[in-house]
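So the structure is just underneath, and the comments pick up after that.
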Amino acid sequence: MKRLQNAEDISRLKDAFHKVFIKSDPFGDPFQETLTEKVLIFPTDGYYLAKNQFAALMKTIEYFGQGTFFGSESEGDCFDLSHDFNSELAPQQWVIESHIDCEDYQSIPFVVENSLYSIHGEWGLQVSHEDHAILAGNSEFISRFKEAYPEWAKDKEKFIHHWTEVNKNVCADIRWIDDFKKQL
């Protein structure tokens, strides 16, 4: 894996990002219309996929021969080329190989919501600060991911249960969940 820190590379990431995402919003429907299938992943390990979730994604990526992908801190204006991308405070932008192990992936210093995505716009994933992620791709990609990650079937149920409990205990605003569920 390699951190990208120059404007030309960041511009390339921005182009790839917009092939996959309309916006950075893991609480909405952030994906381009070309990515027709989606799956909810819950719970994540903070700003990272858990080991089994990450392994399933890497297995899926490798199946489709996509050995390299991008990772970006995607909260805020992460592609603003006026950033000093050499600063430790700048948004993290990475090129990642699919043979990376989970420990190395979790060592990427993502400290805000982030996205993993195909260089060619074929799939994308956004991880939220509320311990969920949403993965999108074509039907074959998502089908392969579901085979590699059979827990997906219960993740939506766990997610709804979690937010129902949060709402009961702390009266959180969960109005966003109804619109969010419509994309799944």
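The values are calculated or read from the model by the stated rules, or taken from the named source; none is laboratory data. Just so it is clear, the structure is predicted and the values come from calculations on it, not from any experiment. So basically every Cβ, Gly included, is an ideal-geometry build from the backbone, and we count neighbours across all protein chains shown. The area values use the complete protein model at the heavy-atom level, side chains included, leaving out ligands, DNA and RNA. Shrake-Rupley method; radii C 1.70, N 1.55, O 1.52, S 1.80 Å.
Numbers below:
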read-out: Relative contact order of region 1-152, defined on C-alpha pairs under 8 angstrom at six or more residues apart (%); value: 38 percent
read-out: Accessible area of the chain belonging to carbon and sulfur atoms, whole % at 1.4 Å probe; value: 48 percent
read-out: Residue among W163, W152, W94 with the largest mean-square fluctuation in a Gaussian network model of the chain, springs linking Cα atoms under 10 Å; value: W163
read-out: Relative packing of peptides 99-110, 55-66, 169-180 - highest average C-beta neighbours within 10 Å first; value: 55-66, 99-110, 169-180
read-out: DSSP-assigned coil residues among trypsin sites (Lys or Arg not before Pro) in region 1-56, each with at most 14 further Cβ atoms within 10 Å; value: K23
read-out: Residues of the chain: accessible area per residue with a 1.4 Å probe, Å²; value: 50 Å²
